[in-house]
There are 2 protein chains.
Amino acid sequence: MSGAARAVETLDRAGYRLTAPRRAVAELVAAQEGHFTAAELVADARARRLSIGRATIFRALDTFAALGLVERVDLPDGEHAYVACDPVHHHHVICTVCGRSLDIEDMGLGSILGDVGRRLGFRITSHRLELFGVCSACDRPATT
Amino acid sequence: MSGAARAVETLDRAGYRLTAPRRAVAELVAAQEGHFTAAELVADARARRLSIGRATIFRALDTFAALGLVERVDLPDGEHAYVACDPVHHHHVICTVCGRSLDIEDMGLGSILGDVGRRLGFRITSHRLELFGVCSACDRPATT
DNA sequence: ACTCCAGTTGATACTCTGTCTCATGTGACT
DNA sequence: AGTCACATGAGACAGAGTATCAACTGGAGT
């Protein structure tokens, strides 16, 4: 099932209307490789001659984020970006060269967090872990 | 040594000029409890009748961040904030109620990252871990 | 197929954050 | 005290994201 189709189904199941603009944004998101910003989606939509309002794209991204279809990530330079992903808790490894991202599962982090919380007297409610690096493809210097 | 004094010394050692505005911003930062945004510093400066330009505050924060005197954090709502901290690699535990933050050391995260990198073929170059929760003081419901 | 209406949209104005420019000011070194 | 490169302040500017509101439309009901 394509990413766009799953997004549409998720929207439907959550009681949202399946409007043309939302379908279009779902397509745009599914077509992205790696992370993307709201501005990039807007530019992309315009490039494809889709007449979707800027506000609508922001709203659709908000909705998608609420449903876990995309996730907001903060790049090292402070930019707000999104990545398409599965709606379960996980973390991202983001290639700073090509922008592609991989999902990784929790990997022992949960127990560490429990530990920290207990030690500091904090009730940890959420966390954010983002890894930045260079993927194997980009690390191979121009093996063309 | 007060936070402001240390900041000034660090600036000096790094070859920056010790100007009145920078000293003032260092004071403002040292006076903050928990995280703060650039806008809050600007408002704070105005409240204290310090005539520091907005641009200067942004510039000072950039400089401080480069020196590791403050660190940028991204709050769960996407807001960009800063916390005063020590210039060594560490992570923050941020109380979502009072805004105070604690520094925590690496805690086995390094080895996890090495693991992940090896498994995925990524060369991890940087990471960001932020924990959000409720500190013990705020968790005690109004034991006044 | 037709109607209806709440949810949605697009245009636009607006706020807020952060950056840039440039003339003026001022640390710090001599 | 004089000098000059670095730093500042004011204001213009650009971009992200939000608010407003009239017009539109998906989809449920008939």
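Readers should treat all values here as calculations from the given coordinates under stated rules, not as data from a laboratory. This structure is a prediction, so every number in the text was calculated from the model and none was measured. Cβ sites come from the backbone with ideal geometry, for glycine too, and all protein chains shown count toward neighbours.
Computed quantities for the displayed model
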read-out	value
Inter-residue pairs, beta-carbon under 9 Å, first touching a residue at least 12 places away in the same chain (Cβ under 8 Å) and within 14 Å of chain B (Cβ to nearest Cβ) and in segment A:50-67, second outside any helix (DSSP H, G or I) and more than 6 Å from DNA strand C (Cβ to nearest atom), 6+ apart	A:61/A:70; A:61/A:72; A:61/A:82; A:65/A:71; A:65/A:72; A:65/A:82
Those residues of segment B:101-139 which are facing chain A (nearest Cβ under 10 Å) and basic (Lys, Arg), in sequence order	B:119, B:123, B:128
Inter-residue pairs, beta-carbon under 8 Å, first farther than 16 Å from residue A:137 by Cβ and in segment B:115-127, second part of a helix (DSSP H, G or I), 6+ apart	B:127/B:109; B:127/B:113
Segment B:61-87: number of residues that are loosely packed, with under 15 Cβ neighbours inside 10 Å and more than 12 Å from the chain's Cα centre (by Cα)	4
Unmet criterion (only one of (1) more than 14 Å from chain A (Cβ to nearest Cβ); (2) within 11 Å of DNA strand C (Cβ to nearest atom)) for residue B:44	(2)
Where residue A:95 falls short, out of the listed (1) within 12 Å of chain B (Cβ to nearest Cβ); (2) within 11 Å of DNA strand C (Cβ to nearest atom)	(2)
Total residues in segment A:12-41, condition within 16 Å of the chain's Cα centre (by Cα) and either away from chain B (no Cβ under 14 Å) or more than 16 Å from DNA strand C (Cβ to nearest atom) (or both)	15
Filter result for residue B:90 (surrounded by 13 or more Cβ atoms within 10 Å (Cβ to Cβ) and closer than 26 Å to residue A:66 by Cα)	no
Matching option when the condition is surrounded by 13 or more Cβ atoms within 10 Å (Cβ to Cβ), hydrophobic (A, V, I, L, M, F, W, C) and under 29 Å from residue A:18 (Cβ atoms), among A:58, A:122	A:58
